Amino acid sequence: MFLPVGASVSLLIMFFFFDSMQTVFATCTALIATVAFAFLLLPMCQYLVRPCSDGTKMSFGCCGRFTSAEIISFALSFCLVCVWVMTGHWLLMDALGMGLCVAFIAFVRLPSLKVSTLLLTGLLIYDVFWVFFSSYIFNANVMVKVATRPADNPVGAMARRLHLGGIMKEAPKLSLPGKLVFPSTHNAGHFSMLGLGDIVMPGLLLCFVLRYDAYKRAQLISAEAGLPPPVSNFSKVTYFHCSLIGYFLGLLTATVSSEFFRAAQPALLYLVPFTLLPLLLMAYMKGDLRRMWSEPFIASGSLPSKLIGV
């Protein structure tokens, strides 16, 4: 439950001290987004430079050693962030947000279904409380206020401090990439929002079940002495497919609810039940619930250890 509590503390800090720390928030977000988007671009850059590079690393002193692909991906990411800072365009913000999501999902793994259930349940309570009930305590919807409040552009702030004139003073305020935004079909100039947590947290669950599907498939093949076991129609439906369909239906329900009620909705209120409950039911019916709950990836002598880290 540390993550929901930590997220609540961070939310309150941004709610109460945003005006005095908005330049710090914008600068830190730009730096983190640069690194995350460089990570997202790295595979493409590695593919493009492979014919003309031998993978030799170049030294940058105390910063470390980097390949040409890493340097190119970081340079492209840095240019993208600079354009976003200067324009504040929502498409660039969404691209940076997707980079943050991919980087987080790539580096964080859920060890078991028990941890996944506790984490998603805690974040569900966190999301519902701050969207629906925070206004009764703080006289404002804390979640919506923080998500929609634009930050002062660090370039504009620096220009004002240095008394620089011209276009640098007119740098737009920045909507921080803690969400994905989409233009509303009903109101011109308005945007629908989806928090990055509503992508990352179910995404971590999807990665967990994808790893378990690969582990179980390898285990079954190993048990049959290298021959694929007979498959029933029910066993063809993997846990990943079940959770992915549930995520789609949950996101669809959240979107419809937001349009119907004309108010902000906690997306995890719909995403968690639609992804977690079918997964638990399916694991129970297949007889995998006990293993997935506590120790899903038990290494055995007949199973190569590298398959556990899928």
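Taking amide H atoms as placed 1.01 Å from N in the peptide plane, the amide H of N153 lies under 5 Å from those of L174, each 5 or more residues away in sequence or on another chain.
Within a straight-line Cα-Cα reach of under 16 Å, K57 can be paired with the following aspartates and glutamates, leaving aside sequence neighbours fewer than 8 residues apart in one chain: E70. Helix 197-223 and the long axis of the chain differ in direction by around 20°, with both axes built from C-alpha atoms.
Taking Cα atoms only, the orientation of helix 113-128 departs from the longest principal axis of the chain by about 30 degrees. Is the chain best put as rounded, prolate or oblate by its Cα gyration tensor, with a ≥ b ≥ c the root eigenvalues, rounded for a/c under 1.5, and otherwise prolate when a/b is larger than b/c, oblate when not? Oblate, since a/c reaches 1.5 and b/c is not below a/b. Rounded to the nearest Å, what's the spacing between the alpha carbon centres of the range 130-157 and the range 53-105? Just the number, please. The range 130-157 and the range 53-105 have Cα centres spaced 28 Å from each other. When a/c is below 1.5 the answer is rounded, else prolate if a/b is larger than b/c, else oblate, so apply that to the range 84-131 with a ≥ b ≥ c taken from the square roots of the Cα gyration tensor eigenvalues. Oblate, because a/c is 1.5 or more while a/b does not exceed b/c. Each peptide in 64-72, 112-120 was scored by the mean count of other Cβ atoms within 10 Å over its residues; highest first, the order is 112-120, 64-72. Straight-line cross-link partners of K173 among the lysines, defined as a Cα under 25 Å from its Cα and at least 8 positions apart when in the same chain: K145. For the pair T23 and A7 in one chain, pulling the backbone fully straight at 0.36 nm per residue adds 3.7 nm over the alpha carbon distance. Positive end of the dipole of the chain (Cβ unit charges, origin at the Cα centre): among G197, V35, V9, the Cα lying farthest that way belongs to V35.
With the whole protein complex present, R217 retains an accessible surface near 130 Å², based on a 1.4 Å probe. For the chain, the longest principal axis of the C-alpha atoms and the axis of helix 268-286 are separated by about 10°. Under a model in which nothing but the beta-carbon of Lys, Arg (+1) and Asp, Glu (-1) is charged, the chain shows a dipole of about 300 debye around its Cα centre. Of all aspartates and glutamates in the structure, those lying under 14 Å Cα to Cα from K236, and not within fewer than 8 positions of it along the same chain, are D213. Subtracting the Cα-Cα distance of L91 and R290 from 0.36 nm times their residue separation leaves 67.3 nm of extension gain. Once the Cβ-Cβ distance of S59 and S135 is raised to the sixth power relative to R0 = 41 Å, the FRET efficiency obtained is 0.15. Overall, the accessible surface of the range 88-137 at a probe of 1.4 angstrom is composed of carbon and sulfur to the extent of 77 percent. Ordering of 52-61, 36-45 by packing is 36-45, 52-61, highest average first (other Cβ atoms within 10 Å, averaged per residue).
For the chain, the solvent-accessible area of protein heavy atoms averages 57 Å² per residue (probe radius 1.4 Å; ligands and nucleic acids excluded).
The values are calculated or read from the model by the stated rules, or taken from the named source; none is laboratory data. Keep in mind the model is a prediction, meaning the values are calculated, not measured. Neighbour counts are summed over all protein chains in view; Cβ atoms, including those assigned to glycine, are modelled from backbone coordinates with ideal geometry. The protein model used for the area step is the full one, side chains on, heavy atoms only, and it has no ligands, DNA or RNA in it. Shrake-Rupley method; radii C 1.70, N 1.55, O 1.52, S 1.80 Å.
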